[in-house]
Structures are given as C-alpha cells and as structure tokens.
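Undergrad: Once you've had a glance at the structure underneath, I'll fire off some questions.
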Amino acid sequence: MNSLSLKKRALGTTLLTLGLFGTSCTKDYLELQPRNQASTETFYTTQNGAIQATTAVYSHLQQAGFVNHALWIMDIMADNSTTGGGGGTDGIEFQQVDNFSIPPNNVNTTDLFQRAYLGIGAANQVLLRVPNITAIDAGIKSRSLGEAQFLRALYYFYLVRSYGDVPLVLTPAASPAAANSVTRDPAAMVYAQIITDLTDAIKNLPLPSTYAGDDIGRASKLSAMGLLAKVYLTQGNMASAGTQADATITAALADGKKLWPNYADNFKPTNENGQESLFEVQFKSGQNAYILEGPGSAINEFWGARFFGNPYVVSNGGYGYNIPEKEFVDGYEAGDKRKASTVFVPGDLYTDGPLDAQGKVQVQPTSLQGSPNGYNIRKFYAGGLSTIWDSPLNVPILRLSEMYLIKAEAGGTGALAALNMVRSRAGLPAATNTSQATILKERRYEFAFEMDRWYDLKRTGTLLNNPRLLSKGIKPFNDLLPIPQAERDVNPNLTQNPGY
C-alpha cells in the first residue's frame with residue numbers, strides 16, 4: 001500500500017548539500033543497478049529512471065524535517081498542545097517553540113528549512129531532466145512533471161508560510177559558489193511560483209482513479225486542485241479560494257470521493273488513500289527502528305501515553321510528547337463525535353491496544369508524567385507495534401472536508417451548507433453563520449494535530465492576540481520562524497528575520 005518509501009540520507013548543513021547544486025543528489029535515494037555506474041547523465045534516460053527520480057521527491061515528506069518530527073511544532077507552538085515529555089531538557093527543541101524562546105539553531109526550525117530544500121532540489125532535477133527523456137510514455141512523462149510541480153509547490157508553501165521571504169530556486173545551481181550565495185526572494189514571488197507550479201500540475205496530473213498498485217499514494221489532479229485552493233485561502237484571496245474549492249469538490253465527487261460517514265475512518269490503516277483523501281504522506285512499518293529517516297512513522301511512540309500500562313500500551317513505552325491543552329479539550333462542543341477519536345481522556349479504554357497482565361482492556365489514567373490532566377492524542381494511535389518508531393499510519397495533508405471548510409470560509413452561495421456538511425458528520429447541530437471565528441473553531445477540531453493550527457492562526461491574524469499564546473510569551477516577531485544559523489554561517493547573503 002505505502003510504496004513511496006525509499007532509502008534516506010542525512011541532512012546537510014548548507015543549501016549546496018540540500019540539492020541546489022547541479023550534480024544530482026537524487027540518485028542517493030534510489031536503488032540503482034549497478035550503483036557504481038550510475039550518473040546524472042545516464043540515469044535520466046529511461047522511463048524507469050524518471051519514475052524513480054520522481055518518487056524520490058516524496059521521500060522528504062516522511063523525514064524528520066516534516067511530518068515525522070519538525071511539523072509537530074505547528075500544534076505545540078499554537079494553542080492545541082504543549083510539549084509534554086519527561087521534563088527537564090527532554091524535548092528541548094519543542095520546549096523552545098512552546099515557550100517562544102526560539103534560537104536560530106533550534107533543531108525543528110532548522111530541519112524544516114533544510115528538508116524542504118532537499119525536496120525542492122529533488123523536484124528541480126526532475127523538472128530539468130525528465131523533459132529530455134525520449135524513451136518514455138507520454139502519460140508517464142506528464143505525470144512525473146506534474147508530481148514534481150505539485151511537490152515543489154508544497155515544499156515552498158511550507159517554507160513561505162513559516163519563514164516569509166525565502167530563496168526561490170527553480171533550477172540546480174551551476175557551481176558550489178552559486179549555491180552558497182543565494183538570497184531571499186519576496187514572499188509574493190514565492191507565492192506566484194507556487195500558483196504557477198500548481199496550475200501546471202493540474203494540467204499534467206491524472207485523476208486518482210488512474211492510480212493502482214504501487215502508484216497508490218502519488219499526487220493526483222485533485223491534490224494540486226485542493227492545494228491551490230488552500231494557497232488562495234492563505235493569501236486572503238477569498239474569491240479564488242471559493243471558486244477553486246468548489247471546483248475541487250465537484251471534481252472529487254465526480255471521481256467517487258466523499259466524506260467518510262465516521263470521522264475516525266480517516267485515520268484507520270485500512271482506509272489510507274481512501275475516499276476522503278486528496279493527499280497524504282505515506283508510511284510503512286516493519287522496515288526500521290529508532291530512526292526518523294525510515295519508512296515508518298515515529299508518531300505512535302512519541303505521542304503515546306508515557307510509559308503507561310502493563311504491558312505498555314505503546315510498543316516499548318510511549319514518550320508523551322504533544323499533549324493536548326486543557327483549554328483545547330474543554331472546547332469541544334457537546335456531542336462532537338471527533339473528540340473520542342482525537343484525544344484520550346481519563347477513563348478512555350484502549351480497545352485497540354494490548355490487554356493488561358490480567359487480560360483486561362487498559363484504561364487511560366487521570367494523570368501521567370508530562371500530562372497532568374491525563375490527556376494524550378488518539379488520532380494517530382497504532383497500538384503496541386512490534387517495532388519502535390515504526391508506525392504504518394499515513395499522515396493526511398489534504399482531505400475533502402478541508403475543501404468544504406475553505407468554501408465555507410470564502411463565503412458566497414453554498415458557504416453555510418458546506419460548513420454544515422462537516423458539522424453534520426461530527427454529530428453537531430447546524431451552524432447559523434460562517435464568521436471567521438466559527439470557521440476557525442471548526443477547523444481547529446476537524447484538523448486537530450494534523451500540524452496546521454499555527455498556520456491557521458497566523459493567516460487569520462489571530463496568532464499574536466491568542467490568550468493562551470500571550471500567556472506563554474509570544475512576541476510580535478514570532479509570526480515567522482528564524483532562518484537557520486547553520487545556513488547563514490555558510491551564506492551571509494541569507495538575512496535573519498527580525499527578533500532572532
């Protein structure tokens with residue numbers, strides 16, 4: 001099912017090593033035969049080479065710089081959750097963002113920046129070299145280019161929202177000196193390129209019904225359409241956001257997409273890449289342990305209840321990171337069915353976890369180390385796996401429900417009905433308005449712990465006056481992350497964001 005798992009490499013510390021230089025780093029991710037004879041010139045000559053190179057662009061989404069570590073801060077740095085863990089310096093990289101004392105060498109903010117450029121570098125290689133391949137099916141060539149365009153847009157979307165102005169690099173650098181002398185480009189230019197890439201990707205990509213077997217999980221036309229709607233929303237272009245969301249919904253429904261009847265169905269292994277999914281990051285278990293660069297996800301272990309249970313409810317013991325805030329848990333409306341599948345609260349049963357030593361279902365306690373209120377995230381709980389840091393659960397990036405909420409936020413005809421499609425599925429009464437506050441709250445509980453909350457607060461202008469964040473010391477410049485010091489050390493042309 002999860003076929004996009006590839007050999008990984010460690011992060012470098014300069015933009016040169018992050019894939020911007022002209023000699024391709026893509027082959028480092030691929031299993032090539034014979035490996036010692038592969039080169040940029042010989043690799044990009046066949047259809048198989050194009051497919052493997054394109055697949056490599058996906059691999060960075062699975063890494064520590066994205067959903068397998070760094071992007072966890074987008075709930076922790078917002079008001080959904082707090083660091084948790086064992087106290088002291090445990091998880092210091094999360095504590096720093098949680099308390100808005102973020103140094104330029106913070107591990108998470110550095111990894112996110114670097115990993116995004118690794119992905120961009122891999123995408124640039126595809127976009128430069130695949131057009132010149134002649135021994136390739138026209139449909140595969142178009143698809144490969146569309147995937148690279150979509151993924152480059154996705155990586156830049158995370159970068160521009162997180163850091164503001166960033167280097168806009170669209171081709172591999174001609175020399176090491178060129179790679180290490182790039183400058184930051186205006187965010188408006190980055191957004192314009194994102195829109196161009198997504199517009200091109202929509203033309204090049206197929207609908208998901210054409211994917212089967214090992215290709216399941218690749219980006220589709222719906223992926224690019226949905227991301228474009230979200231980009232317009234982030235820019236505040238409500239007219240375009242609404243039109244694009246509506247077009248995505250129409251195309252999705254025509255292709256057999258629809259909301260799962262049960263919200264929890266989105267987070268079951270059997271439903272991955274299913275009827276509500278527009279794009280998700282692929283994970284596969286059983287092939288790695290104790291690494292963040294393997295094909296398995298570390299979320300089950302890191303977010304699981306900290307060393308609780310007999311036997312432990314999570315593999316060899318969870319670490320209790322990313323603990324839901326009390327205000328978040330208390331904020332659920334009465335009857336909201338999403339609560340039971342999103343968080344563990346005291347008294348909840350681990351019906352899908354290991355039985356205790358007496359053969360009974362284990363129960364969430366009233367408090368745990370790092371979680372004094374006894375809360376943990378349930379949404380990505382995968383139980384007592386046999387391997388560590390190795391969950392098979394995919395992480396959604398775009399779901400059909402988000403298109404309904406974008407349509408609702410954009411306003412216009414059908415906006416309230418779109419909002420109530422989501423609320424109805426959650427078991428809630430119909431809303432009477434589509435105010436920003438109403439939509440923002442709905443998004444908070446629909447996409448909780450899907451690593452998007454900080455971005456939502458920022459784009460709606462509610463980040464810097466959020467009561468919970470004010471109590472934790474948020475400052476006006478914390479609407480951007482610091483440019484990594486490691487990058488500035490080798491490239492003085494990279495200016496720092498104010499305040500850092």
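The values are calculated or read from the model by the stated rules, or taken from the named source; none is laboratory data. Note that the structure is predicted; figures quoted are calculated from it, not measured. Cβ placement follows ideal geometry from the backbone for every residue including glycine, while neighbour counts extend to all protein chains displayed.
Undergrad: Hey, can you tell me all the residues within segment 436-493 that are outside any helix (DSSP H, G or I) and of a type in the set (F, W, Y)? Steps first, please.
TA: First, pick out the residues of segment 436-493 that are outside any helix (DSSP H, G or I): 447-452, 460-466, 472-475, 480-484, 491-493.
Within segment 436-493, F447, F449 qualify.
Undergrad: Tell me which of these L20 doesn't satisfy, since it passes every other one: (1) surrounded by 24 or more Cβ atoms within 10 Å (Cβ to Cβ); (2) out of contact with any Leu (no Cβ under 9 Å at 6 or more places or on another chain); (3) at pLDDT 65 or above.
TA: Among (1) surrounded by 24 or more Cβ atoms within 10 Å (Cβ to Cβ); (2) out of contact with any Leu (no Cβ under 9 Å at 6 or more places or on another chain); (3) at pLDDT 65 or above, the lone unmet condition for L20 is (3).
Undergrad: Could you tell me which numbered condition S240 fails, if it satisfies all but one of (1) in contact with a Phe, Trp or Tyr (Cβ under 6 Å, 6 or more places away or on another chain); (2) surrounded by 23 or more Cβ atoms within 10 Å (Cβ to Cβ); (3) among the polar types (S, T, N, Q)?
TA: (2)
Undergrad: Identify the single condition in (1) within 29 Å of G335 (Cβ to Cβ); (2) at pLDDT 95 or above; (3) not in a helix (DSSP H, G or I) that G412 does not satisfy, given that it satisfies every other one.
TA: (2)
Undergrad: Kindly indicate whether any position in segment 226-233 is among the basic types (K, R), closer than 28 Å to K337 by Cβ and assigned to a loop (DSSP other than H, G, I, E, B). Don't jump to the end; show me each part of the working.
TA: Initially, segment 226-233 is screened for residues among the basic types (K, R), giving 230.
After this cut, where a residue has to be closer than 28 Å to K337 by Cβ as well, the list is 230.
Filter once more, keeping what is assigned to a loop (DSSP other than H, G, I, E, B): none.
Within segment 226-233, not a single residue is among the basic types (K, R), closer than 28 Å to K337 by Cβ and assigned to a loop (DSSP other than H, G, I, E, B).
Undergrad: When you scan segment 184-192, do you find a residue that is in contact (Cβ under 8 Å) with a residue 40 or more places away in the chain and either assigned to a helix (DSSP H, G or I) or under 26 Å from S401 (Cβ atoms) (or both), even just one?
TA: Restricting attention to segment 184-192, the residues satisfying the condition of being in contact (Cβ under 8 Å) with a residue 40 or more places away in the chain are 184, 191.
Checking the rest, the ones that are also either assigned to a helix (DSSP H, G or I) or under 26 Å from S401 (Cβ atoms) (or both) come to 191.
Yes: one or more hits.
Undergrad: Looking at segment 200-227 only, could you name the residues that are surrounded by 15 or more Cβ atoms within 10 Å (Cβ to Cβ), free of Cβ contacts under 8 Å to residues at least 60 places away in the same chain and polar (S, T, N, Q)?
TA: Once the filter is applied, which keeps residues that are surrounded by 15 or more Cβ atoms within 10 Å (Cβ to Cβ), free of Cβ contacts under 8 Å to residues at least 60 places away in the same chain and polar (S, T, N, Q), segment 200-227 yields only S220.
Undergrad: Report yes if E272 is in contact (Cβ under 8 Å) with a residue 12 or more places away in the chain and closer than 20 Å to R443 by Cα, otherwise no.
TA: Numbers: in contact (Cβ under 8 Å) with a residue 12 or more places away in the chain: yes; closer than 20 Å to R443 by Cα: no.
When the stated conditions are applied, E272 does not pass them.
Undergrad: Mind telling me which of the residues L71, L127, L112 ends up being aliphatic (A, V, I, L, M), over 30 Å from K475 (Cβ atoms), at pLDDT 95 or above and not assigned by TED's automatic domain parsing to the domain that holds A448? Before the answer, list the steps.
TA: Details: L71 fails: over 30 Å from K475 (Cβ atoms); L112 fails: over 30 Å from K475 (Cβ atoms).
The match here is L127.
Undergrad: May I pose another question? Tell me, yes or no, whether segment 228-248 has at least one residue that is under 24 Å from F380 (Cβ atoms) and of a type outside the set (S, T, Y). Give the steps one after another, and end with the answer.
TA: At the first step, the residues of segment 228-248 found to be under 24 Å from F380 (Cβ atoms) are 230.
Within this subset, residues satisfying the condition of being of a type outside the set (S, T, Y) are 230.
Yes, some residue in segment 228-248 is under 24 Å from F380 (Cβ atoms) and of a type outside the set (S, T, Y).
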